[in-house]
Amino acid sequence: MAISDKIRSEVITRANYRCEYCQTNSRLIGMPLVMEHIFPKTAGGGDESENLAASCYRCNEFLLAQKPTRLTQRQVS
């Protein structure tokens, strides 16, 4: 199921239009922010705004390259 425009807008507004990892403003990035699941869907995480973070493409790609066990440790701590 896709993330609704309403939830996407809530997450980006909450993040003040910045990547929640590197804090770069989306205007400086020149690309729209993407939604990052804090607790992955494969591990039971949902599409609720509380489980989503606004992320720039670069940070999102970096997080995807990490081992899943490391991501889980980062999210729990």
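Please treat every number below as a calculation from the coordinates, not as lab data. Since the model is a prediction, treat every value here as computed from it, not as a measurement. Because the Cβ atoms are built from the backbone with ideal geometry, glycine has one as well, and the counts that use them run over all protein chains shown.
Averaging over every viewing direction, what projected area does the convex hull of the Cα atoms of region 1-58 cover, in nm²?
Here the figure is 3.9 nm², rounded to one decimal.
Can you give the local net charge around Tyr21? Use residues other than it whose beta-carbon is closer than 10 angstrom to its beta-carbon, Lys and Arg +1, Asp and Glu -1.
Working: positive: Arg18, Arg58; negative: Glu20, Glu36.
It works out to a net charge of 0.
In nm, to one decimal, how far is the modelled label at Asn25 from the one at Phe62, with both set 7 Å along Cα→Cβ?
A separation of 2.0 nm, rounded to one decimal place.
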